[in-house]
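Following: one structure in C-alpha cells, then a few remarks.
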Amino acid sequence: MLQKIQDLWNNPTSMKTRRYANVIYDVSWNVLLLTIISVVLIGFLGAGIGVGYFASLVKDMPTPAYKTMTSQINTYTSTSNIYFGSGERIGNYTTDEVRVPIPMEKVSPFVVDALLATEDVEFYEHDGVVPKATLRAILQEATGSEDRTGGSTLTQQLIKNQMLTNEVSFERKAKEILLALRLEKAMDKDEILNAYLNVVSFGRNSMGRNISGIEAAANGVFNTSAEKLTLPQAAFLAGIPKNPFFYTPYYQGGVIKEDVSGAVNRMKTVLNRMYVAGKITQEEYDAAYNYDITQDFMKTQSKPRDKYPYVVQWAEEESLSIVRDYLLEQDKVDINELSTDDRNEVLSTYARRAHNALRQGGYNINLTLDKGIYEAMQKPAKNDGNFGPNNVKDPEKGPEQTAAIMLENKTGKILGFVGGRYVNGKADDFNRAYKMERQIGSTAKSILVYPNAIEKGLVTPETVVIDEEYKYKNGANPNTKVIQNYYDNPPYRGPMTVREALKISSNVPAVKIYEEDGSFIRNTEKLIQMGIDVPDEVRSAPSMALGVNSVKLRDLASAYAMLANMGEHVDPYIVDSIEYNGEVIYKHKAKKTRIYEERTAYLVVDMLRDVYTSGTATYAKSFLKAPGDWIGKTGTTQKFRDSYLVGSTPGVTLAVWTGYDVEHELFVGGGYGSYYQRTQGMWAQLANNAYSSNPDVFKSSTRFKQPSSVTAKDFKDSGSFSEKKKVEEKEKEEEEKKKEEEEKKREAEEAKEEAEEKKQEAAADAAAKKKAEEEAKKKAEAETAAKKKAEEEAKKKAEAEAAAKKKAEEEAKKKAEEEAQQEADQPAEDNADSDGA
C-alpha cells in the first residue's frame, strides 16, 4: 500500500493529480508545523505558568541554611529508658511514641534493600526528587484518580516528617520538593537514609504504643534488634510505612489483629520488588515468600507501668524533679531570688519542659533498685493469705494493705520496696512506700527518746525506771491524761531497766524519760535533720515519744539505717544517675549528716538486739531465715490502726507497715492471727526472699562493732534520771510496811491464840458445866426414876395391899356369907330331923 502511494507520488498519472498532491502536502506540513509550534508554545506557557505557580507557592518560605536543615532533620524524639540498678531495662518513660535511635551501620542490609526497593528504587541516582514520579502524582491528585502510585522520594518523606506537616496540598508539596532538593546538598545519601530509618513510622508495637524508627520496630514487633532482622522480617517492616496503622499487626492495646493478610501480602510485594531489583536470589525470595511471618510476632506485652507500676511512677516523678532542676541550672535561674508566686510559676513551667524532655529526649534513667530483690519482695504482697479477711475491696475500709522498703545502710540506696498489696493480682495507683505518711507508734522510741536521753547522760541501758500509773506532765492538758501501755494484766509492771522497757515496748518509761529530758524542740530537730517533716504544732508535744507524728516509710527506714551507721544519716534515694546524649547530667551525691554520737547509736543498737531475741519481735525471729546481727523495733499506733516492724543488719534496713488506707483498727482473730503476727510474718518473708536473691548486701557475717567511746560505765545504772533511789526508797518503805504488817500479823496471831485459849477454857468450863449439868440431870433423872419407881412400887404395894385387903374382905365377906348360909342352912336341917322322928 505504501509502495503504491510512493509510486503515485513520484510518477503522477496527470498534472492535475500532481497539483492536488502538492496542495495536500503543503497544507499537511503547515498544519503539522503549526501544531508542533503550538504544542511547544503551550508547553512553554504551561511550564511558565507551572514555574510561576510553584514560585507563588514557595515565595513566602524562607530558605533555611544547610546547618539549620541538618540540625532539624537530625532532631527527632527519642524515648527515655528506665533501668534497674542491676542493669536490666525496665521500660520507657511514659510517652505516646517509642523511638530508639540507631546508626545505619547497625541495621540489617535486608532492611535497607527492602526500603529502597519499595519506597525509592532510584534513591542513590536522583537529587531528591524524581520529576516523572512527581508529575504523575500531581496529575493523579488533580484528576482525582483512585490509582495513587506515590511520587515522594525518601528525601521528600523525610522533609515532610521533620520539617513540614502531613497536610495534603500543592503548597506543601512545592515546599517539600524545594526543601528536598536543598537537603540533598546539605547531607549525603547515607546521612539522609540514616535519618529516615530513625524517623519513619512503623505503626504499633506489642504494647500497643506508637513506634517510629527501625530499632523500635524490630524490638516492638519481633523482639529483636534491627541488626538481627531476617529477610522476611525486614520485608514485613519495610512494607509498613506505606500505611502504618493498616499494615501494623497490632491493635491499640497491643493485641494481635485477627486478620493480618493485608500486611502479609504487602510483605510479599516488597519481596517481589527486592527480587526484581536484584537484591535477593530466587532461593531467598522463595524461602521468604513462603515463610509464616506471624509466628515471629511478639505476644501482647505489658507496659512498664503494668509490669512495674510502682517503680515507673516513682522513677518518673523523681526524674522529673531532677531534670527540672537541671534545666533551671542550665538557664542560670535562681528560684530563691523569686517571689512565691513567681517561683511557683517558674517551677511549673520548667516541670512541663522537663516532662517533655523526658518523653522525647532519649534520657537514660538509672535506678538503685536491685531487680532480683525487688521482684522477690513482691511475692508476699501478692499472697492473700498474708492479710486480714477483707480480700474484696470494702467501700469504707478497703483491703488490708502493706508497704515495705529496703535500704542499703551506707549509701542510702533503695534496693527494693513494696508499694502496696496486689489485689486480684493487680497493683493500684498509690505507692505507699513512696508517698504514704502515717504515725509511727513505738518505733519513735529508738530514734527520738532513748538516743537523746543517752546522749545527754540521762540514762544508760541499765537505768531503772518505774512502769506505773503516770500522766503527761506537759502539753495542752497536763496531769490529766493517763499513759496506757499496750499490755494489761497487769497494766503496769513496776521497776525495769531502759533495756527491758525498750525490749517490751513499755510506754510509761519512754514518756517519763522524754518529759524529764524536756528539750522537745531540740530533740525533734534531730528528726528534721533526717528528712522527717515535723509540724510546729507537735514539736513540743510529749506524745512525740509515742510516735504521733506522721512519717514516710522510706524516712523511717533511713532513720533506723542511721542507727546501723552508728549515728550517721544518709539520705535515701532511688535515682542513681541520668544520662543525656551520652553525657551524665546527674549523678547522685550522698548527703551524710551526723545525728548521734557513735556511743549513743551503739548503745541503742545493743538494746535493739533484744527485741528479736526476747522482745516484741520474737514472732518474726521464729520465721527468719536470713542470718545476721539483727536489731529492730516494733510499733503500733492508737487503736491498732498501724503496725510496724523495722529491722537492720550491718548491711541493710527493712521497714514494713500494715494497715488500712483509711485508718481503721486492724482485724484480730478469726483464723487470721493477730495484726502483729501478720506484720511480722510479712517482714520475715520479705527478708527471707531478699536474702535468697542477694545475700551479700545483708553483710550477715558482720556484727555491729562496739566503738571505743563505749565504756563499762555505760552498762551500769549511771544515768542522772535513774529512779533506782526511788525504787530503793519504795522498797524500804515496802519493807517497813511489810514489817509492820508482820508485827500486826504476829500480834493478831497472838491475840488469836489468846482468844483461842480463852475460847478453849471457856469451852472446857462449858463442857464441865455441861457435864455437871448432865450428871445432875442424870442424878435428878435417876432420883426421879427411883422416886417414880418407889412410888410405883408403893403404888403397886398399896394396890397389892388393897387387892389383898379387898381379897381378904371379899374372902371374909364370902366366908361370912358362907357362914351365914351355913347358919341359915342349919335350922332347916334341924327341922328335918325333927319331922322324921
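Brief remarks on what is shown
- Residue match in the range 316-328 (condition: over 30 Å from residue 406 (Cβ atoms) and in a helix (DSSP H, G or I)): yes
- Helices (runs of 4 or more DSSP H) contained in the range 167-285 and holding at least 1 residues assigned by TED's automatic domain parsing to the domain that holds residue 94 and more than 27 Å from residue 127 (Cβ to Cβ): 214-222, 231-239, 244-247, 261-276
- Residues of the range 248-267 that are more than 17 Å from residue 300 (Cα to Cα), surrounded by fewer than 24 Cβ atoms within 10 Å (Cβ to Cβ) and in contact (Cβ under 8 Å) with a residue 12 or more places away in the chain: 262, 263, 264, 266.
- Evaluated against (1) of a type in the set (Gly, Ala, Ser); (2) in contact with a helix residue (DSSP H, G or I) (Cβ under 9 Å, 6 or more places away or on another chain); (3) on the phi > 0 side of the Ramachandran plot, residue 398 falls short on exactly one condition, (2).
- Residue within the range 356-363 that is in contact with a helix residue (DSSP H, G or I) (Cβ under 9 Å, 6 or more places away or on another chain), among the small types (Gly, Ala, Ser), touching a residue at least 40 places away in the same chain (Cβ under 8 Å) and crowded, with 16+ Cβ neighbours inside 10 Å present: yes
- Residues that are closer than 19 Å to residue 380 by Cβ and aromatic (Phe, Trp, Tyr) were ranked within the range 613-646; the one that is surrounded by the fewest Cβ atoms within 10 Å (Cβ to Cβ) is 623.
- Taking the range 161-186 as the range and being out of contact with any Pro (no Cβ under 8 Å at 6 or more places or on another chain), at pLDDT 80 or above and buried (at least 20 other Cβ atoms within 10 Å of the Cβ) as the test, the residues that pass are 177, 180, 183.
- Which numbered condition residue 311 fails, given (1) surrounded by fewer than 20 Cβ atoms within 10 Å (Cβ to Cβ); (2) touching a strand residue (DSSP E or B) at 6+ places or on another chain (Cβ under 8 Å): (1)
- Subset of the range 487-528 that is within 33 Å of the chain's Cα centre (by Cα) and basic (Lys, Arg) - its residue that is nearest to residue 441 (Cα to Cα): 503
The values are calculated or read from the model by the stated rules, or taken from the named source; none is laboratory data. Nothing here was measured: the structure is a model prediction, and the numbers come from that model. Here Cβ is always computed from backbone atoms with ideal geometry, including for glycine, and neighbour counts include all displayed protein chains.
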